[in-house]
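Asker: Sharing a structure below in structure tokens format, with a few things to ask.
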Amino acid sequence: MYDLANTIFALGVGSLYFASWITDNVEGLPSALRGNGDADLALAVVVDAAMVVVIVLGPWIGARSDHRGPRARYLIPATLMAVAPTFFLATASPFGSLLLYGLALVGFNLGAVVYDAMLPDVSTPENIGRVSGIGIAVGYLGSLAAWAIGEVLLDSRGYPVVFRTIAVAFLLFALPSFFLVRERPRPAAAGPPPRLAGSLRHLAAAWRRTRLYPGVTRFLVGRFFYTDAVNTLIAGFLTIYAIEEVGFSDAQVRDLLIVAIAGSILGGLLGGRLVDVVGPRRLLHWTLHTWVVAFGIGIAAGAAGSQALAWPLGALGGLALGSTWAADRVYMQRISPPRFLGEFYGLYATVGRFATILGPLLWGLVVTVLDLPREAALGVLLALLITGRVILQKVDDGARDWSEADLVPEA
């Protein structure tokens with residue numbers, strides 16, 4: 001249910017409605033944030049600022065959740081940090097709403113760090129892939145819910161009601177994770193919990209610690225490259241590509257979105273089952289190969305202006321998207337020592353946030369600065385995918401022989 005909750009926010013606020021609202025109200029922003037008269041600069045600034053905060057705080061909050069006590073006590077305030085600002089979006093001024101959106105992004109991403117670390121509490125080594133896949137698949141139902149909220153309420157009630165409804169839905173679907181999950185007891189670590197003031201030092205120490213565990217650093221670097229490609233595509237650039245290069249109408253783009261969501265649900269369910277059968281490493285490799293094919297189809301569709309080719313791209317990309325998250329979430333758990341699981345999931349989130357910053361900048365560099373066609377930008381993302389796949393080649397997902405110190409915090 002938490003996967004469903006945060007996907008409602010991710011699609012409804014992050015991808016669909018807030019960008020439309022701030023674009024319609026761009027004149028209310030300070031002139032320094034209006035760029036060429038549009039909201040692109042303002043959105044880029046607030047998203048990048050939020051991601052920098054998450055990059056610094058993600059490993060810190062993950063390490064605190066590792067230290068002692070239930071992780072839910074960190075999940076709850078992080079979630080509320082996303083829900084409360086979302087509730088007031090579009091009721092404040094455009095600049096105020098922009099700040100609220102940035103705060104909500106921070107809460108959303110920090111909550112995901114703690115939530116991912118709870119996966120072993122609700123699964124066993126034999127079914128962890130299936131559980132993760134079910135979460136991914138149910139999560140994409142949240143995409144349909146976000147789309148439906150807008151379809152029903154936007155024209156008749158306006159953006160403020162849409163955002164309030166999304167905020168309430170986010171909170172309601174998050175409640176089971178707050179109160180119904182029975183976390184496995186974890187012995188308290190020695191000493192005080194990590195302090196916020198030392199978060200930058202902790203971030204550096206966490207990266208140094210990954211080198212002590214075979215495959216972790218390499219996996220995180222490889223994850224940076226493939227999430228850079230995938231997150232850039234789903235952050236709105238697929239919509240731009242479909243409209244500008246393939247000639248889709250807004251209505252066709254919405255239909256393409258439904259096709260992709262259906263593929264993502266199927267990918268999450270099938271991918272989750274396959275993780276338990278073939279392992280996360282092999283499934284992630286298969287999925288990255290699928291992405292390469294999908295990106296190749298996309299480049300061909302743009303070059304030929306073929307709408308017929310865009311539909312399999314949506315279906316294939318959706319299938320790969322669900323399988324990617326079903327596999328790599330389990331992959332990270334498989335190679336991480338239990339003692340530092342929350343901290344390493346913080347780094348796992350960090351590389352995703354770096355990718356969220358860099359990918360759009362690369363796209364803009366290719367299309368705007370170099371004045372190359374969008375097919376070239378998609379080709380750059382394809383190269384990033386292939387680079388990630390090559391880096392992952394030497395990371396195995398075999399069972400680790402953890403030392404006692406890696407299993408249980410020192411007394």
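Coordinate-derived values only; no laboratory data. Model, not experiment: these values are computed from the prediction. When we count neighbours, we look across all protein chains shown, and the Cβ atoms used for this are built from the backbone with ideal geometry, even at glycine.
Asker: What ranking, highest mean first, results for peptides 43-55, 363-375 when packing means the other Cβ atoms within 10 Å averaged over each residue?
Answerer: Details: 43-55: 19.0, 363-375: 14.7.
The peptides rank, most packed first, as 43-55, 363-375.
Asker: Report the Rg/Rh value for the stretch 109-255, based on alpha-carbon coordinates and the Kirkwood definition of Rh. Numbers along the way, then the final one.
Answerer: Numbers: Rg = 20.4 Å, Rh = 19.7 Å.
Expressed as Rg/Rh, it is 1.03.
Asker: So if I take the alpha carbon set of the chain, get Rg, then get Rh from the Kirkwood formula, what is the Rg over Rh ratio?
Answerer: Details: Rg = 20.6 Å, Rh = 21.6 Å.
Result: Rg/Rh = 0.95.
Asker: From the Cα gyration tensor of the stretch 221-282, with a ≥ b ≥ c the square roots of its eigenvalues, which class applies: rounded if a/c is under 1.5, or else prolate if a/b is larger than b/c, or else oblate?
Answerer: On the way: a/c = 4.27, a/b = 1.65, b/c = 2.59.
In terms of gyration-tensor shape, oblate.
Asker: Hey, another quick one. Based on Cβ point charges of +1 for Lys and Arg and -1 for Asp and Glu, what charge dipole magnitude is obtained for the stretch 214-394 about its Cα centre, in debye rounded to the nearest 20?
Answerer: Values: 13 positive and 10 negative charges, 185 e Å.
Rounded to the nearest 20 debye, it is 880 debye.
Asker: Let me ask something else about it. Tell me what the chain gives for mean residue ellipticity at 222 nm when only DSSP H runs of n ≥ 4 count, each as -39,500 (n - 2.57), the sum divided by the residue total, rounded to 500 deg cm²/dmol. Walk me through the numbers on the way to the answer.
Answerer: Working: 16 runs with 300 residues, N = 411.
Value at 222 nm, helices only, nearest 500: -25000 deg cm²/dmol.
Asker: Among Thr324, Thr124, rank each residue by its count of other Cβ atoms within 10 Å, from fewest to most, as a rough exposure measure.
Answerer: Numbers: Thr324 25, Thr124 10.
Ordered from fewest to most neighbouring Cβ atoms within 10 Å, Thr324, Thr124 come out as Thr124, Thr324.
Asker: When the Cα centres of the stretch 141-180 and the stretch 51-105 are compared, how far apart do they sit, in Å?
Answerer: Using only Cα atoms, the two centres lie 18 Å from each other.
Asker: May I pose another question? Build a GNM of the chain with springs between Cα atoms under 10 Å: which of Thr91, Thr217, Thr350 gets the top mean-square fluctuation?
Answerer: Thr91
Asker: Taking the beta-carbon count within 10 Å as an exposure proxy, list Phe219, Phe87 from fewest neighbours to most. Don't skip to the answer; put the middle values down first.
Answerer: On the way: Phe219 30, Phe87 19.
Ranking Phe219, Phe87 by Cβ neighbours within 10 Å, fewest first, gives Phe87, Phe219.
Asker: Where in the chain are the DSSP H helices whose C-alpha atoms run 20 Å or more along the long axis and whose mean Kyte hydropathy is at least -1.0?
Answerer: Numbers: long enough: 40-67 (40 Å, 1.37); 72-87 (22 Å, 1.11); 94-117 (35 Å, 1.37); 128-157 (43 Å, 1.00); 159-179 (31 Å, 1.78); 216-232 (23 Å, 0.40); 250-278 (40 Å, 1.27); 280-304 (36 Å, 0.77); 307-335 (42 Å, 0.45); 341-364 (35 Å, 0.85); 374-392 (27 Å, 1.66).
Long hydrophobic helices here: 40-67, 72-87, 94-117, 128-157, 159-179, 216-232, 250-278, 280-304, 307-335, 341-364, 374-392.
Asker: For the stretch 1-181, report the translational diffusion coefficient in µm²/s to the nearest whole number, using Stokes-Einstein at 4 °C, 1.567 mPa s, and a Kirkwood Rh over Cα pairs. Let's see the in-between values first.
Answerer: Working: Rh = 16.9 Å.
Translational diffusion coefficient: 77 µm²/s.
Asker: Using the Cβ atoms and a cut-off under 15 Å, what net charge is assigned to the surroundings of Ala146, where Lys and Arg are +1 and Asp and Glu are -1?
Answerer: So the environment of Ala146 carries a net charge of 0.
Asker: State the percent of C-alpha pairs, over all pairs in the stretch 272-368, separated by a distance greater than 16 angstrom. Before the final figure, lay out each step's value.
Answerer: Working: 3138 of 4656 pairs.
Percent of Cα pairs beyond 16 Å in the stretch 272-368: 67.
Asker: Give me the mean projected area, in nm² to one decimal, of the convex hull enclosing the Cα positions of the stretch 214-394. The partial results should precede the final answer.
Answerer: Values: hull surface 39.6 nm².
So the Cα hull casts an average projection of 9.9 nm².
Asker: Rounded to the nearest 0.05, what FRET efficiency do Ala399 and Leu172 have when you use their Cβ-Cβ distance and R0 = 41 Å? Working shown, then result.
Answerer: Working: r = 39 Å, r/R0 = 0.94.
Here the calculated transfer efficiency is 0.60.
Asker: Working from the alpha-carbon coordinates of the stretch 307-411, get Rg over Rh, Rh being the Kirkwood radius.
Answerer: 1.10
Asker: Connecting C-alpha atoms closer than 10 Å in a GNM of the chain, tell me which of Gly139, Gly296, Gly267 has the biggest fluctuation.
Answerer: Highest fluctuation of the listed residues: Gly296.
Asker: Please give the contour-minus-distance gain from Val152 to Arg34: 0.36 nm per residue of separation, less the Cα-Cα distance, rounded to one decimal in nm.
Answerer: Difference between extended and current length: 39.4 nm.
Asker: Taking the number of other C-beta atoms within 10 Å as the exposure measure, put Arg130, Arg195, Arg273 in order starting with the fewest.
Answerer: Values: Arg130 21, Arg195 11, Arg273 17.
The order, fewest Cβ neighbours first, is Arg195, Arg273, Arg130.
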